[in-house]
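Taking it in order: structure first as structure tokens, then the write-up.
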Amino acid sequence: MFVKQPLIDWQSRYEELACRAAHPLINEFYQAGIVAMDTPISDVEFVAMDFETTGLNSDQDDIVSIGLVPFNWQRIFCNKSKYWILKPAQNLAEESIVIHGITHSEIENAPDLSALIEQLFMKLRGKVVVVHYQAIERPFLANALLKRIGEGVQFAVVDTMELERRALSMRRGFIGKLFGEKLGSLRLADCRTRYNLPNYAAHNAMTDALATAELLQAQLSYHYRSDTPIHQLWI
């Protein structure tokens, strides 16, 4: 069992945010609420989310594709997954094309995120979002919405990278920390290897969302009890 994390009551936070939300879709998202912080992880509905972007600066860059995969403690619902290619607000840089493989021709007739906001929030509503490295999805979605509808969004996240960092820190122990022993790679593929999960090609939003969902299931199985309250995972 890991060191107890600070309590975050996302249920109450959603209620507070709903009172301040101006845009109807944002308000509906908060109004739908989220599970109480003491809910056992075996009772939580998750949705893995991954973005491919034009770069790494959420203030300047934009989202090119979104992958969503709903799942729970035991099952992944691939038939309810969703994948969108989007037309970003700025031109694709050649460096980003090399990474995610989405070309100019693929985005030429793709919709802007503004046309898909309602569908996106329908998929996220009431669920705990799971990502690998929350410093991408959280700020990119907030800023992308801010530019389009004048309002960003906050949401509860379980970060599989952070969970792996905790697991590796526990395994390293005090002596390892004292002598500067390195934790090991926190890349998605390397984290999956530790749990004998199959190797997937990287930098496709749908594949990476699926890979993240599978990784969380493995992490929960290895490191947590089914009655662990969700507040020990989310941030």
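The values are calculated or read from the model by the stated rules, or taken from the named source; none is laboratory data. As the structure is a prediction and not an experimental result, all values here were calculated from the model. Cβ placement follows ideal geometry from the backbone for every residue including glycine, while neighbour counts extend to all protein chains displayed. Ligands, DNA and RNA are excluded from the accessible area calculation, which covers all protein heavy atoms including side chains. Shrake-Rupley method; radii C 1.70, N 1.55, O 1.52, S 1.80 Å.
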Task: Residue check for Ala144: surrounded by 14 or more Cβ atoms within 10 Å (Cβ to Cβ) and of a type in the set (A, V, I, L, M, F, W, C) - done: yes
TODO: Among the numbered conditions (1) in contact with a Ser or Thr (Cβ under 7 Å, 6 or more places away or on another chain); (2) open to solvent by less than 30 Å² (accessible area, probe 1.4 Å); (3) part of a helix (DSSP H, G or I), tell me where Leu68 comes up short.
DONE: (3)
- [ ] Within region 88-103, track down each residue that is of a type outside the set (Val, Ile, Thr), more than 16 Å from Leu141 (Cβ to Cβ) and open to solvent by less than 90 Å² (accessible area, probe 1.4 Å).
- [x] Gln90, Leu92, Ala93, Ser96, His100, Gly101
TODO: Hand me the list of helices (runs of 4 or more DSSP H) wholly inside region 71-170 holding 1 or more residues that are modelled with pLDDT of 95 or more and touching a Phe, Trp or Tyr at 6+ places or on another chain (Cβ under 9 Å).
DONE: 117-124, 134-149
Task: Where Asp38 falls short, out of the listed (1) within 29 Å of Cys78 (Cα to Cα); (2) of a type in the set (D, E, K, R); (3) in a helix (DSSP H, G or I) - done: (3)
Task: Test result for Ile41, in contact with a helix residue (DSSP H, G or I) (Cβ under 7 Å, 6 or more places away or on another chain), buried (at least 19 other Cβ atoms within 10 Å of the Cβ) and of a type in the set (A, V, I, L, M, F, W, C) - done: yes
